[in-house]
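Working notes, structure below.
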């Protein structure tokens, strides 16, 4: 007589609560953008990025990682960092450019979806210390902080935004699907004991951000987006679109 051990059914609540927070932030960003509240939409994307950075760490620390959590996280990321910033960028700046504007926004969303799909299929073979291609939360961060910085320096003018923002969105889209490597920060252990100076440095960094968040966050997002390009040029690596090994999956009944 064969005895099969049934796995307990259900999901882990704690990490998925934070993932749901990320999804809600993305949904709220879309609503805010449609209502013309672009700054709120940009802030919601950044809040979603905070939730996204926390849920995975909580799952690893509490040993509550699951296949469901991975898939749910990817779907939430597509909403918060693919669809939401695409809509924000279109309604805020790209709409006056007509077909070029909405095609640029669509390209950003598609590039984000490709980036997430490639990350999922390469999870087991990828170097955990680096991301291949600009992470989609970082790409969305460039869009969101650009909106905040523009409002900070130029006010809430309803005048048409400059064409350079089209170039920015196209550039971020390319970086997400490129083979450029970006430091992942995953090797930083926050639980391990550290020297007191590290804590002091983190506090000073938080104070700098609090002093002028729009400018500092924009600078940080742009520097990170360009860091992979600079590192690739230093090591004379090619900057092209990385192919995806799409394996066939046989589904058994």
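The values are calculated or read from the model by the stated rules, or taken from the named source; none is laboratory data. Remember, predicted model here, so these are calculated numbers, not experimental data. Reconstructed Cβ throughout: ideal geometry from the backbone, glycine too, with neighbour counts over all protein chains shown.
Couple of notes before you dig in:
- Of everything in the stretch 30-40 that is assigned to a helix (DSSP H, G or I) and in contact (Cβ under 8 Å) with a residue 24 or more places away in the chain, the residue that is surrounded by the most Cβ atoms within 10 Å (Cβ to Cβ) is 33.
- Some residue of the stretch 144-154 being in contact with a helix residue (DSSP H, G or I) (Cβ under 7 Å, 6 or more places away or on another chain), surrounded by fewer than 17 Cβ atoms within 10 Å (Cβ to Cβ) and more than 23 Å from residue 32 (Cβ to Cβ): no
- Across the stretch 59-115, the number of residues qualifying as in a loop (DSSP other than H, G, I, E, B) and within 27 Å of residue 151 (Cβ to Cβ) comes to 1.
- In this structure, residue 73 does satisfy being under 18 Å from the mean Cα position of the chain (by Cα) and without any contact (Cβ under 8 Å) to a residue 60 or more places away in the chain.
- Qualifying residue in the stretch 223-240 (condition: modelled with pLDDT under 90, more than 30 Å from residue 105 (Cα to Cα) and part of a helix (DSSP H, G or I)): yes
- The residues listed here are 133, 139; of these, the one that is over 11 Å from the mean Cα position of the chain (by Cα), closer than 17 Å to residue 181 by Cβ and either surrounded by 22 or more Cβ atoms within 10 Å (Cβ to Cβ) or modelled with pLDDT of 95 or more (or both) is 133.
- Filter pass, residue 43 being in a helix (DSSP H, G or I) and at pLDDT below 90: no
- Test result for residue 167, loosely packed, with under 13 Cβ neighbours inside 10 Å and modelled with pLDDT of 90 or more: yes
- On inspection, residue 218 passes the criterion of being touching a helix residue (DSSP H, G or I) at 6+ places or on another chain (Cβ under 6 Å), under 18 Å from residue 143 (Cα atoms), at pLDDT 80 or above and surrounded by 10 or more Cβ atoms within 10 Å (Cβ to Cβ).
- Residue in the stretch 175-196 that is farther than 20 Å from residue 48 by Cα, modelled with pLDDT of 80 or more and in a helix (DSSP H, G or I) present: yes
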